[in-house]
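Quick notes on the structure that follows.
The values are calculated or read from the model by the stated rules, or taken from the named source; none is laboratory data. The shown structure was predicted, so the numbers you read here are calculated from the model rather than taken from an experiment. Here the Cβ positions follow ideal geometry from the backbone for every residue, glycine too, while neighbour counts run over all protein chains shown.
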């Protein structure tokens, strides 16, 4: 058991009292709880690196007690990330706290985030514990966490539905025990902005020692109010906001990081704070998370959606041409949105390819870059014009398929509107052995999916199949998104190709590989993952 010598950057800034809102990103913990969004260690590390480059203050890397895989991911991220604080979540139980402490022990700035339900409905029906027992558990857990790290966050779960007097009592006890951050979550997305703001104002006024800690907001989007509630919390005195990239998370999701950051930046008169986020990296980070989780961003999503800066109405187009601010309150470049632009061709070399990836903030290690460049050359033979979106798709696919269990080697399909479709597929397994099989189906897609199931020996039900074009023109790459159900769990996969059948096979195989990966993760039963 060790105590860290260097305090968290967040804790160090409390005394400075700077007008800054800390961004606590929980994409890798709460966000990963979205159905079908399970990530492997490699994918979590890639996202953590992107979040650190984005400039988030805290990365909640996972819930270490839930599985060996989660513990390994938190420990690996804690060992690599140096600028951001790395947090591990724990219930108010000794085994949870100790496991979280072990996971973040190598972090340059480690945090243990403990939580205990406090609302009447949770006390009576979930915990079946009295108020004094909850306070005892809180105090013991915070003190134990402080024996591992100096930076301890406490969350009274379902705070927005907790009686204010008891909420103040338990928060006071947590601060007295050594908590440095107090997070008051709207766990089920029930609060309205005015009452959520009033809750923070009440705590600031009635909790001894409130001025010594940072208050934090963690909002869910069940009523579509997560971002509004988060901003209301800031108005009420919160100086940390917990959120996820693209707003992913359980049920209707969490507050969207990009929306909160750009609201604060755009409405400076109302929110005179800074966040430390490099907003030009918002779109690249959004696309990476979308690719690796398989959770597609809706077209009309604020800030990072495809239509966020699109103008089709004639009146709007006329206004934009005359003065951008007539219909745009932000510049697309401010969030890292790059317009379609011809960048490279079949005669471009590796150096030019690497440089353009760097300009797009797309990073790969040398082995991955070699593979991506080879795929780029193959794509150049299929397309005369290569756009930035094509390069982004290449890198996203490379990240998503790093060290897959199965890879697509060859595909042959025979189909007719008056006969049975047949697909012959060759897959390479993890030992580089080629496996070939064939199957029939109700059309070429069904036949392909059937033979992939035969080879991988995984049976899954197709729930959703979506196709779209990445760029315009006859030679455009197609993107296919599939959603499968396997043993009651949903998984997603995405594939790219100028051949839509090949893209479909890649997407389906990506989902199958995710199922195989998930099968290796043993989840501890009875864990409450939500706040």
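Couple of notes before you dig in:
- Residue count, the range 121-171 (criterion: at positive phi and surrounded by 16 or more Cβ atoms within 10 Å (Cβ to Cβ)): 1
- Matching residues in the range 385-404 - criterion: being assigned to a helix (DSSP H, G or I), in contact with a helix residue (DSSP H, G or I) (Cβ under 9 Å, 6 or more places away or on another chain) and either at pLDDT 65 or above or farther than 17 Å from residue 292 by Cβ (or both): 388, 390, 391, 392, 393, 394, 395, 396, 397, 398
- Looking only at the range 475-490, and only at residues there that are modelled with pLDDT under 85 and either outside any loop (DSSP other than H, G, I, E, B) or in the same structural domain as residue 32 (by TED's automatic domain parsing) (or both), the one that is surrounded by the fewest Cβ atoms within 10 Å (Cβ to Cβ): 489
- In the range 314-336, the qualifying residues are those that are assigned to a loop (DSSP other than H, G, I, E, B) and modelled with pLDDT under 80, and the one that is nearest to residue 278 (Cα to Cα) is 328.
- Residue list for the range 126-141, filter: at pLDDT 95 or above and in contact with a strand residue (DSSP E or B) (Cβ under 7 Å, 6 or more places away or on another chain): 134, 137, 138, 141
- Which listed residue is modelled with pLDDT under 85 and either within 19 Å of residue 392 (Cα to Cα) or assigned to a strand (DSSP E or B) (or both), from 472, 495, 526: 472
- Lone qualifier among 438, 505, 511 - being modelled with pLDDT of 85 or more, farther than 13 Å from residue 411 by Cβ and surrounded by 14 or more Cβ atoms within 10 Å (Cβ to Cβ): 511
- Just so you know, in the range 421-433 the residues that are more than 31 Å from the chain's Cα centre (by Cα) and in contact (Cβ under 8 Å) with a residue 24 or more places away in the chain include one that is surrounded by the fewest Cβ atoms within 10 Å (Cβ to Cβ), and it is 424.
- Matching helices (runs of 4 or more DSSP H) fully within the range 191-301 where at least 2 residues are in contact (Cβ under 8 Å) with a residue 12 or more places away in the chain and farther than 30 Å from residue 333 by Cβ: 193-206
- Of all the criteria given as (1) modelled with pLDDT under 95; (2) assigned to a helix (DSSP H, G or I); (3) more than 21 Å from residue 218 (Cβ to Cβ), the one not satisfied by residue 32 is (3).
- Identity of the residue in the range 452-461, free of Cβ contacts under 8 Å to residues at least 60 places away in the same chain and under 17 Å from residue 493 (Cα atoms), that ends up surrounded by the most Cβ atoms within 10 Å (Cβ to Cβ): 460
- Residue check for residue 108: within 24 Å of residue 24 (Cα to Cα) and surrounded by fewer than 19 Cβ atoms within 10 Å (Cβ to Cβ): yes
- Yes/no for residue 61 being surrounded by 24 or more Cβ atoms within 10 Å (Cβ to Cβ), more than 20 Å from the chain's Cα centre (by Cα), modelled with pLDDT of 95 or more and not in a helix (DSSP H, G or I): no
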